[in-house]
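The structure is given below, and queries will be raised subsequently.
The values are calculated or read from the model by the stated rules, or taken from the named source; none is laboratory data. It should be emphasised that the depicted structure is a prediction, and the values quoted were computed from it without experimental measurement. A quick note on method: Cβ atoms are made from the backbone with ideal geometry, for glycine too, and the neighbour counts reach across all protein chains shown. In case anyone asks, the SASA skips ligands and DNA or RNA and just uses the protein heavy atoms, side chains included. Shrake-Rupley method; radii C 1.70, N 1.55, O 1.52, S 1.80 Å.
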Amino acid sequence: MASREIVRYRSPTRGAVQAVTVIFLIVFLIWTVLPLLIMLVSSFKELLDAFQLPAVGDWGDVGVMFDFKPTGRHYVELFTEKHFATYLRNSLIASFGSAAVSVSLGAMAAYAISRAQFRGKRDLLFWIISTRMAPVVAVMVPLYVIFRSSGLVGTLPGLILAYTTFNLPFAIWILKGFFDNVPYAIEEAAQCDGCNRWQAFRLILPLVAPGIGAFIVLCVLFGWNDFLFASIIGSGGAKTLPVATAELVQPVKIQWGSIMAAGVVTTVPMMFLGLLIRRYLVAGLTMGAVRE
Amino acid sequence: MAAVTIKDVWKYYGKTLAVKELNLEIKKNEFMCLLGPSGCGKSTTLRMLAGLEFISSGDIHFDDVRVNDLPPRERDIAMVFENYALYPHKTVFENLANPLKLRKMSRSEIVERVRRAAEMLEISELLNRKPGELSGGQKQRTAIGRAIVREPKVFLFDEPIAHLDAKLRSHMRGELKHLQRRLETTTVYVTHDQLEGMSMADRIAVMHEGVLQQLGTPSEIYNHPANEFVAGFVGEPPMNFLDVRLERSNEGLSVVHPAFQLTLTDAQRHLLENGNAESDTRIGIRPDNLLIESGDGGSLDIAGSIFVTEPLGGDMLIEANLDAETRVMVKTKIREMGGPGDPCRIGFDIEKLHVFNKETGVAYF
Ligand SMILES: Nc1ncnc2c1ncn2[C@@H]1O[C@H](COP(=O)(O)OP(=O)(O)OP(=O)(O)O)[C@@H](O)[C@H]1O
Ligand SMILES: [Mg+2]
């Protein structure tokens, strides 16, 4: 098997390309990281400190932004008076719950669609993805009516179900592509070894791990970032972080410190998720199994 | 260990006919080889035995059990795939252990069996590697290992050693044959390499374009090919074919070719007469059964000239022209044959001659 190392040759163009790449990365880093940094720093500031800004163009005075006495007051407040622990828990349950349901149902459906040949397969696939094409607001009202008459409004199962309706078609499509890339011969070998269909499916599941990993991230992010469903269907009993954060914006006294802290609380878990899942996203696991 | 019966089996892929009216009885503990060129339906037949392919019509029995509708795992077969089909995310050890684990064997038994199989296949050092880190030959041996760690009713091998180097291949031929004799497991072995078939099988089924051409022991297939296809496919270098006319003469029945004339034996004459042979026929003779002498002073009948010589180590392969249109391949032990254009004399071992119907290809003898 060919090694997967990338062969590099030195040339003047390469050097130039490298320089441009570095410059681009620096700009990109500032663009993405700076707002997060300001959010993080501000969340530890008292309200007055937060508005200590240097005059425009006065680069020498940037130091005032970092000249403050850090306080954890906002975080304590969030988790005591403002019940953010509950909202954090709701967010986690809703997004991961929906990811789990979508991934298990989606993997099975995708496997079946990938392996079976039947009439109307293309139509079925199109129908599945077409459910994702309608904008969320378009289905919001009917969905709300259905959910209310089923007693699902304001509950976590309701929210999970709502996210799943949107995640599942997506899961089927992504995972079908990954299953298509697993040679059928591997399953045939498994069957000859003595596996039944279900065992064979489980055996090849690790081969689609990159797909599952990628999908879990997308699925969790969808639920985590969602505002519309959470505010309408989850309202009351199943309030999630974005909704709770939005409620901090009050007409008279905007609580900047708490909002910044809430922003940090919302961002950090997703960063860890990204780090955690990264190693599953390495493709190319199937290489070398079957002679092409 | 089961006898396998294939009865009137047809296989269509959509409209493509892959196997046509196949009838084959494989005896208990027999080593049966399916031999034929690429695309002749060997793999298809094997996959129908494994249960990986639906049978369009006909029946397959293992002993007395009709297996048409049984999935692979209920047929108790072990198969080696043409393209390895290893589990890429599992190590060689886990690949070999998988069928044993599914049978709920104890850990120590699994380790022991895998160790034995790995030793035989010379992959003991590779047990902790994944398939992606193996060479083609190592993968193939791993695939064989996965089949032989257990004792199934039937072994199904689909060109299991086609991608090994020559030395390892001949080693594995011996090992597989020995293993089959020791385990006494009914084996169906698919190959396009006639040497593998000849050297390993108890019986060979030669297939061509989905049709069984001949079923017989290696020596029957080699010495009494049923038709021109089998005669040409089996044997290396391949048989020489020449178009001739049959003519009666005082001495009996003769084969007449522009470059030579041969008188057939009485037995051969009877066979041709009984077969109502047309006068336009085709003869076949193996390179081993042609005699050759260098120079033009020898005692053999036919004068020819050397086209090219190919030394093969022990033997020598010579292509010789009998006349402007006719060239034959001769195998000989003689070392000094001269070069292209040099004269030589050639003779037929008449007992080893084959005669075929020119239209149908069917052999008279
Ligand atoms: N899945 C399939 N769909 C359609 N046609 C097929 C399929 N598999 C095989 N065939 C056709 O059936 C015929 C027999 O194929 P098969 O694979 O049995 O050949 P083979 O004897 O094993 O050849 P090889 O030595 O190249 O492996 C071929 O003409 C092939 O094109
Ligand atoms: Mg084949």
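Which of the residues spanning region B:80-100 are at the interface with chain A (Cβ under 7 Å from one of its Cβ atoms), in contact (Cβ under 8 Å) with a residue 12 or more places away in the chain and of a type outside the set (A, V, I, L, M, F, W, C)?
Residues satisfying the conditions are B:TYR84, B:TYR87, B:PRO88, B:HIS89, B:ASN98, B:PRO99.
So which residues in region B:32-56 are more than 8 Å from ligand 1 (Cβ to nearest atom), away from chain A (no Cβ under 12 Å) and among the small types (Gly, Ala, Ser)?
Across region B:32-56, the qualifying residue is only B:SER56.
With respect to B:ASN29, is the statement that it is open to solvent by 40 Å² or more (accessible area, probe 1.4 Å), more than 16 Å from ligand 1 (Cβ to nearest atom) and part of a strand (DSSP E or B) true?
Working: open to solvent by 40 Å² or more (accessible area, probe 1.4 Å): yes; more than 16 Å from ligand 1 (Cβ to nearest atom): yes; part of a strand (DSSP E or B): no.
Against the criterion (open to solvent by 40 Å² or more (accessible area, probe 1.4 Å), more than 16 Å from ligand 1 (Cβ to nearest atom) and part of a strand (DSSP E or B)), B:ASN29 does not qualify.
Just checking, which of B:ASP59, B:ASP69 is more than 11 Å from chain A (Cβ to nearest Cβ), surrounded by fewer than 17 Cβ atoms within 10 Å (Cβ to Cβ) and part of a strand (DSSP E or B)? Write out each step before concluding.
On the way: B:ASP69 fails: part of a strand (DSSP E or B).
Only one candidate passes the filter, namely B:ASP59.
Checking A:TRP173 against (1) among the hydrophobic types (A, V, I, L, M, F, W, C); (2) within 14 Å of chain B (Cβ to nearest Cβ); (3) open to solvent by 10 Å² or more (accessible area, probe 1.4 Å), which single condition isn't satisfied?
That leaves (2) as the condition not met.
Quick one: would you say B:GLY145 is assigned to a helix (DSSP H, G or I) and either in contact with a His (Cβ under 7 Å, 6 or more places away or on another chain) or within 13 Å of another protein chain (Cβ to nearest Cβ) (or both)?
yes
Based on what the data block shows, is B:ARG47 within 16 Å of ligand 2 (Cβ to nearest atom), open to solvent by 10 Å² or more (accessible area, probe 1.4 Å) and assigned by TED's automatic domain parsing to the domain that holds B:GLY210?
Working: within 16 Å of ligand 2 (Cβ to nearest atom): yes; open to solvent by 10 Å² or more (accessible area, probe 1.4 Å): yes; assigned by TED's automatic domain parsing to the domain that holds B:GLY210: yes.
Answer is yes for this residue.
Taking the residues in region B:73-97 that are open to solvent by 40 Å² or more (accessible area, probe 1.4 Å) and not in a loop (DSSP other than H, G, I, E, B) as candidates, determine which candidate is farthest from B:SER43 (Cα to Cα).
Applying the filter and picking the extreme gives B:GLU94.
Go over the candidates B:GLU196, B:GLU228, B:GLU236 one by one and state the one that is within 16 Å of ligand 2 (Cβ to nearest atom) and under 27 Å from B:GLU310 (Cα atoms). So that I can check it myself, show each step before the final result.
Numbers: B:GLU228 fails: within 16 Å of ligand 2 (Cβ to nearest atom); B:GLU236 fails: within 16 Å of ligand 2 (Cβ to nearest atom).
The unique qualifying residue is B:GLU196.
Here is a follow-up. Sort out which residues of region B:167-185 are open to solvent by less than 10 Å² (accessible area, probe 1.4 Å) and among the basic types (Lys, Arg), and write them in order of number.
none
Something else: Kindly check whether there is at least one residue in region B:349-358 that is touching a residue at least 12 places away in the same chain (Cβ under 8 Å), surrounded by fewer than 18 Cβ atoms within 10 Å (Cβ to Cβ), assigned to a strand (DSSP E or B) and assigned by TED's automatic domain parsing to the domain that holds B:GLN261.
No - not one qualifying residue is present in region B:349-358.
Sticking with this one: Report yes if A:LEU203 is assigned to a helix (DSSP H, G or I), closer than 19 Å to A:SER102 by Cβ and either within 14 Å of chain B (Cβ to nearest Cβ) or not charged (D, E, K, R) (or both), otherwise no.
Judged against the criteria, A:LEU203 is not a match.
Select, from B:ARG103, B:ARG116, the only residue that is modelled with pLDDT under 95, surrounded by fewer than 18 Cβ atoms within 10 Å (Cβ to Cβ) and farther than 25 Å from A:ARG197 by Cα.
On inspection, the qualifying residue turns out to be B:ARG116.
Can you report the number of residues in region B:144-160 which are surrounded by 24 or more Cβ atoms within 10 Å (Cβ to Cβ) and within 14 Å of ligand 2 (Cβ to nearest atom)?
3
Return yes or no: is B:LEU164 surrounded by fewer than 22 Cβ atoms within 10 Å (Cβ to Cβ) and more than 14 Å from chain A (Cβ to nearest Cβ)?
So B:LEU164 fails the test.
Okay, next question. Please work out which residue is modelled with the highest pLDDT, limiting yourself to region B:175-190 and to residues that are more than 16 Å from ligand 1 (Cβ to nearest atom), farther than 15 Å from B:ARG116 by Cα and within 16 Å of the chain's Cα centre (by Cα).
My answer is B:THR187.
State whether one or more residues within region B:60-68 are within 16 Å of ligand 2 (Cβ to nearest atom) and in contact with a Ser or Thr (Cβ under 6 Å, 6 or more places away or on another chain).
no
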